[in-house]
Amino acid sequence: MEYSTHFSFYLLTFSLPLLTFLLLRLHSSRLRRHLHIPPGTLGLPFLGETLQVMSAFKSSNPDTFIDDRVSRLGSPVFTSHVFGEPTVFSADHETNRFILMNEGKLFESSYPGSMTFALTVKQLMSLDSCEWTERLRKEYILVIEGFLTIPSPLFSTTYRRAVQARGKVAEALRMAVRERRKRENEGGERKKKDMLGALLDEEGSGDGLSEEEIVDFLVSILEEQDEIRSRKGKSEALQWNDYKSMSFTECVVNETLRVANISSGVFRRAMTDVDVKGEYNDHTSYTIPKGWIVFASSRAVHLNHDHFKDARTFDPWRWQAESRTENSINLFNPFGGGPRYCPGAELARVTLSVFLHHLVTQFSWVPAEEDKLVFWPTVRMQKGYPIIVQRLN
Ligand code: HEM
């Protein structure tokens with residue numbers, strides 16, 4: 001009796017998953033024949049490719065899961081099986097758009113139970129209050145005074161002084177960048193994980209930024225924010241117009257949303273069999289079967305080299321009016337789209353810009369402890385990025 005109970009238990013434990021898997025496989029090969037589902041694999045029984053997706057998202061390079069499959073299968077839309085559900089991943093902008101625009105008609109929102117979003121803001125730079133920063137601030141006053149005058153280098157001494165002062169500020173920052181790089185390279189100083197740290201870190205998002213670009217970045221954002229503050233006086237609150245005049249800060253916010261957004265994409269469930277564009281085995285479209293999950297990855301589009309030059313480099317200048325293209329604006333959707341477009345999009349942008357304004361004009365800070373960017377289950381700093389803040393004089 002006991003033997004037969006054990007036998008039934010083992011039979012159920014081991015054969016049921018196998019049976020389910022075989023049925024799924026059979027079902028999927030039927031679907032593949034009849035419905036032309038996107039290429040890919042359902043992976044191991046039950047687990048599917050959950051371990052692969054988790055190990056990619058738990059590493060410092062979460063993009064390998066999608067990148068590897070897109071290049072191996074030759075299709076930006078592919079089939080997988082994660083968190084117990086057959087799932088179609090899309091790294092294709094047009095397909096993503098189609099999915100977003102057909103919300104409530106062909107697709108409905110469907111998120112894995114335990115995923116929650118957390119807001120992370122990117123750090124800018126740490127400046128210890130010292131003699132050097134004081135000197136730098138004095139030079140800034142000249143810069144700001146100068147930029148409030150008519151910009152004619154020939155007729156305005158204030159403007160000329162400002163241009164010279166900008167040169168000095170840039171030079172001072174250039175020296176600071178060199179110093180920091182030297183100290184860190186010689187191993188005399190622990191690498192700081194602030195924005196300057198990231199800009200200097202060749203393995204981090206600052207990959208490929210030259211010294212001039214780093215200096216230009218720091219000068220541009222400090223200058224823009226200090227100029228606004230000096231116009232308003234010490235404690236006057238920011239107005240909508242001030243926010244709208246933060247053009248370089250907007251580039252920084254855009255670029256941060258492009259390379260390190262808290263949302264990597266959106267989850268949907270197909271409400272019916274849905275045909276989406278795609279070329280595979282002589283077919284010009286794929287079918288996403290009714291009930292399947294779809295993950296439309298905006299991150300994959302934002303980090304695609306065909307869409308954004310040097311896509312994996314943090315480059316806020318790409319958003320400046322003279323550099324950005326209509327195409328890059330159309331491809332950029334960090335806040336989703338269609339009927340579920342994020343209602344907090346503008347609030348998020350304002351919050352980030354106002355935060356950056358107060359951070360760079362009033363405070364210096366250093367990281368309180370080592371921390372790192374993690375991507376699982378959401379994009380955030382692992383410890384919430386504790387910092388020690390000091391108000392500038
Ligand atoms: C950087 C910050 C933010 C990012 C990147 C972001 C991104 C997104 C994305 C991609 C969606 C679409 C989800 C989908 O289609 O399934 C969304 C929806 C939503 N967001 Fe945001 N969001 C941000 C901040 C905010 C803020 C500050 C609020 C509110 C104060 C907010 C409220 C919402 C709500 C209520 C929805 C659901 C809309 C719906 O389902 O109809 N978000 N967000």
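The values are calculated or read from the model by the stated rules, or taken from the named source; none is laboratory data. Treat the numbers as computed from the prediction; the structure is a model and nothing was measured. Reconstructed Cβ throughout: ideal geometry from the backbone, glycine too, with neighbour counts over all protein chains shown. Remember, those area values only see protein heavy atoms, side chains included, never the ligands or the DNA or RNA. Shrake-Rupley method; radii C 1.70, N 1.55, O 1.52, S 1.80 Å.
Of note:
- Accessible surface ranking for 342, 251, 1.4 angstrom probe, highest first: 342, 251.
- Heavy-atom accessible surface of the range 297-393, averaged per residue, reaches 52 Å², computed with a 1.4 Å probe.
- Neighbourhood charge, 10 Å Cβ-Cβ cut-off, centred on residue 328 and excluding it, Lys, Arg +1 and Asp, Glu -1: +3
- Cut-off 14 Å between beta-carbons: net charge of the residues surrounding residue 96, Lys and Arg +1, Asp and Glu -1: +2
- For the pair residue 235 and residue 51 in one chain, pulling the backbone fully straight at 0.36 nm per residue adds 61.0 nm over the alpha carbon distance.
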